Amino acid sequence: MEVRINGKAADITLDHEKTVGQIVAGLDNFLANCGHRLSGLAIDGKTVDISSMEDAFSKEINNVNIVDLYTRSLAELFALTLLELLGDIEEYESLNFENKNKFHENWKESACARFAEEQMPELFSLCVNAFCGRGMDILVLRSITEERLREVREPAQEIANMQSSIEETCARLVDLPLDIQTGKDRRAAETIQIFTGITEKIFRILVQLDIQGFMQNTEKEKAVQLLGGFNLAVRELLQAYEKQDTVLVGDLAEYEIAPKLGELFNAITESSRKAAGI
């Protein structure tokens, strides 16, 4: 039996595999480690769809001549999913009230929804709320999805565009303890919310830079080290903020969080610019 990946013969040795499903499972793990995902399967020239997947996986390899596996990079799947989601949003907007109520049930079974739930759980939850009419405005969902698509398509440029936001956030963090002490609770809460959004965006872009090959091993190791110290400081800050410990909040925000945020941003920006030629 011959196994081909994207039309090319795969140099693999079968050990104890007895069925097509066992072969696919083993290769799927290998592909995941390489930043790819299985996107299609054919057995002896016949495409396998969802309805025939169970039968295909149970086929014994002695009865099969050729297994064709088709893959896409994880970054490509992110982009395709986000593009499809934008199309789903457009379709949802065009529906009448009755059909909008039915839309969610069909959407959550789609490949787009399943990938979003696995790889972008926060966005998946926003979609569920929007398509069920629970709190998330559909226009806001469109804007968020478009932002996520930019992060996938041009991660180096997207991180570079955050310079002013990072500087503003660091300045607000330095002012945070004074805001708490002077009763500016709304501004303090906004600072925490802005800081949380900025760090989540950095983490998302960092993932894309990694899977798209923008970061060398030494740069990745440096980023991981910086992330370790940053995450610890963030947990301490949020705990201190919840306890209204203004002294600790001040020390952490000014001497730990703000400098570490700037250092992490600069390290990621430098490596991504170098790789992208920006």
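Any idea which of Ile50, Ile12, Ile23 is modelled with pLDDT under 90 and surrounded by 17 or more Cβ atoms within 10 Å (Cβ to Cβ)?
Ile23
State yes or no: is Thr81 of a type in the set (Ser, Thr, Tyr), modelled with pLDDT under 95 and either assigned to a helix (DSSP H, G or I) or out of contact with any strand residue (DSSP E or B) (no Cβ under 9 Å at 6 or more places or on another chain) (or both)?
no
Just need a number here: residues in the stretch 181-212 that are among the β-branched types (Val, Ile, Thr), buried (at least 21 other Cβ atoms within 10 Å of the Cβ) and either closer than 19 Å to Val247 by Cβ or at pLDDT 95 or above (or both).
Residues meeting the conditions: 1.
Would the stretch 158-181 turn up any residue that is over 30 Å from Tyr255 (Cβ atoms) and either free of Cβ contacts under 8 Å to residues at least 12 places away in the same chain or of a type in the set (S, T, N, Q) (or both)?
Within the stretch 158-181 (the criterion being over 30 Å from Tyr255 (Cβ atoms) and either free of Cβ contacts under 8 Å to residues at least 12 places away in the same chain or of a type in the set (S, T, N, Q) (or both)), the answer is no, since none of the residues qualifies.
Specify which of the listed residues (Leu261, Leu232) is under 24 Å from Arg186 (Cβ atoms) and modelled with pLDDT of 85 or more.
After applying the criteria, what remains is Leu261.
Scan (1) small (Gly, Ala, Ser); (2) over 30 Å from Phe131 (Cα atoms); (3) not in a strand (DSSP E or B) for the single condition Ser52 breaks and write down its number.
Against the list (1) small (Gly, Ala, Ser); (2) over 30 Å from Phe131 (Cα atoms); (3) not in a strand (DSSP E or B), Ser52 comes up short only on (2).
Let's see how each residue does on (1) touching a residue at least 12 places away in the same chain (Cβ under 8 Å); (2) farther than 28 Å from Gln212 by Cα:
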site: Lys102; (1), (2): no, yes
site: Lys108; (1), (2): yes, no
site: Ala116; (1), (2): yes, no
site: Cys127; (1), (2): yes, no
site: Gly133; (1), (2): yes, yes
site: Leu139; (1), (2): no, yes
site: Thr145; (1), (2): yes, no
site: Glu151; (1), (2): yes, no
site: Pro155; (1), (2): yes, no
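All but one of (1) assigned to a loop (DSSP other than H, G, I, E, B); (2) surrounded by 15 or more Cβ atoms within 10 Å (Cβ to Cβ); (3) not hydroxyl-bearing (Ser, Thr, Tyr) hold for Glu109; state the number of the condition that does not hold.
(2)
Per-residue answers, yes or no, for (1) aliphatic (A, V, I, L, M); (2) surrounded by 17 or more Cβ atoms within 10 Å (Cβ to Cβ); (3) in contact with a Gly (Cβ under 7 Å, 6 or more places away or on another chain); (4) over 23 Å from Arg204 (Cα atoms):
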site: Gly45; (1), (2), (3), (4): no, no, no, yes
site: Glu54; (1), (2), (3), (4): no, no, no, yes
site: Ser58; (1), (2), (3), (4): no, no, yes, yes
site: Val64; (1), (2), (3), (4): yes, yes, no, yes
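Looking for something without any contact (Cβ under 8 Å) to a residue 40 or more places away in the chain, surrounded by fewer than 13 Cβ atoms within 10 Å (Cβ to Cβ) and under 30 Å from Gln208 (Cβ atoms) - is there at least one such residue anywhere in the stretch 73-83?
Taking every residue of the stretch 73-83 in turn, none turns out to be without any contact (Cβ under 8 Å) to a residue 40 or more places away in the chain, surrounded by fewer than 13 Cβ atoms within 10 Å (Cβ to Cβ) and under 30 Å from Gln208 (Cβ atoms).
Let me confirm something: among Glu263, Glu254, which residue is outside the structural domain of His36 (by TED's automatic domain parsing), surrounded by 15 or more Cβ atoms within 10 Å (Cβ to Cβ), of a type in the set (D, E, K, R) and part of a helix (DSSP H, G or I)?
Answer to the selection: Glu254.
The values are calculated or read from the model by the stated rules, or taken from the named source; none is laboratory data. The model shown is predicted, which means the values in this text are computed figures rather than measured ones. Backbone-built Cβ (ideal geometry, glycine too); neighbour counts: all protein chains shown.
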